[in-house]
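Each value in this text was obtained by applying a stated rule to the coordinates, not by laboratory testing. Computed from a predicted structure; not experimentally measured. Cβ placement follows ideal geometry from the backbone for every residue including glycine, while neighbour counts extend to all protein chains displayed.
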Ligand code: G4P
């Protein structure tokens, strides 16, 4: 997505050798019009798939996922990282290890919102090591639902998430694919 690449070039900050800070439009402040166009891109790509639900994980996946749900006119479910007071039992629970933050999290989804009749599109903000996607995939399996595809806003192709997904032959579509950070600059696959 050219517009997203341009925005990353303009506003993204490279931190160290493998982290891109994009908190001015995606991870903290959110650009709703850009999110809406991203939702439309995911819709155009996956529109022939029989999607019944969009699944993401809080917090930064929610904005692009909601816009994708809007385009599909389907509900959006986000996995929670902390149990809420109203979410006690009847949960699907999976482990997610963050290599970036060096923390282990449990994510959970209420059984009410995912079932064997669902055809799910996962949407997330970053694909790095693929642990968030692996946790969501585990939850979809527990629900006996069908995983139709994965939509990613920013993929870092030099980390191992893509390999994990390709091994399972799941359709994946990323709006921006970064192959390297060189001298503090972003290099895209498509350049
Ligand atoms: P993974 O999910 O692909 O395995 O990623 P990893 O463990 O490496 O990263 C964990 C968290 O860091 C995830 O957010 C992921 O979105 C985020 N992340 C990974 N690479 C980058 C990056 O280059 N830039 C930024 N800004 N974030 C990155 P999270 O813990 O779920 O946080 P949030 O959704 O609550 O913001």
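Determine the gain in length on full extension of the stretch residue 97-residue 40; use 0.36 nm per residue of separation and subtract their C-alpha separation, reporting nm with one decimal.
Length gained, residue 97 through residue 40: 17.5 nm.
On a 0 to 90° scale, report how tilted helix 2-11 is relative to the longest principal axis of the chain, with both axes built from alpha carbons and the result rounded to the nearest 10.
It is inclined by approximately 70 degrees.
Is segment 32-178 best put as rounded, prolate or oblate by its Cα gyration tensor, with a ≥ b ≥ c the root eigenvalues, rounded for a/c under 1.5, and otherwise prolate when a/b is larger than b/c, oblate when not? List each step's numbers first, then the result.
Numbers: a/c = 1.41, a/b = 1.12, b/c = 1.27.
Rounded, because the longest to shortest axis ratio a/c is under 1.5.
Order by neighbour count: 119, 82, fewest other Cβ atoms within 10 Å first, most last. Intermediate results must be reported in sequence, preceding the final value.
Details: 119 16, 82 10.
Fewest-to-most Cβ neighbours within 10 Å comes out as 82, 119.
Given a Förster distance of 45 angstrom, what is the FRET efficiency for residue 190 paired with residue 90, based on the Cβ-Cβ distance and rounded to 0.05?
Working: r = 44 Å, r/R0 = 0.97.
It comes to 0.55.
Sketch the reach of a paramagnetic label on residue 2 as a point 7 Å from Cα along Cα-to-Cβ, and name the residues of segment 39-53 whose backbone nitrogen lies under 16 Å away.
Under 16 Å, as judged by backbone N against the label point of residue 2, lie 41 of segment 39-53.
P(r) for segment 132-191: what percent of alpha-carbon pairs falls in each 10 Å bin, starting at zero?
Result, from short to long distances: 20, 47, 23, 9, 1 percent.
Decide, for segment 1-114, between rounded, prolate and oblate: order the square roots of the alpha carbon gyration tensor eigenvalues as a ≥ b ≥ c, take rounded if a/c falls under 1.5, and otherwise choose prolate if a/b is larger than b/c, else oblate. Walk me through the intermediate numbers first.
On the way: a/c = 2.31, a/b = 1.20, b/c = 1.92.
It is oblate, given that a/c is not under 1.5 and a/b is not larger than b/c.
Do you know the relative contact order of segment 32-178, to the nearest whole percent, from alpha carbon pairs under 8 angstrom that are 6+ apart? Each step should come with its number before you reach the end.
Numbers: 305 pairs, mean separation 33.1, N = 147.
The normalised contact order for segment 32-178 reaches 23 percent.
With 10 angstrom as the radius, rank 170, 62, 122 by how many other C-beta atoms surround their C-beta, starting from the fewest. Let's see the in-between values first.
On the way: 170 15, 62 18, 122 27.
By the 10 Å Cβ count, ascending, the order reads 170, 62, 122.
Taking Cα centroids, how far is segment 50-122 from segment 1-25 in Å?
25
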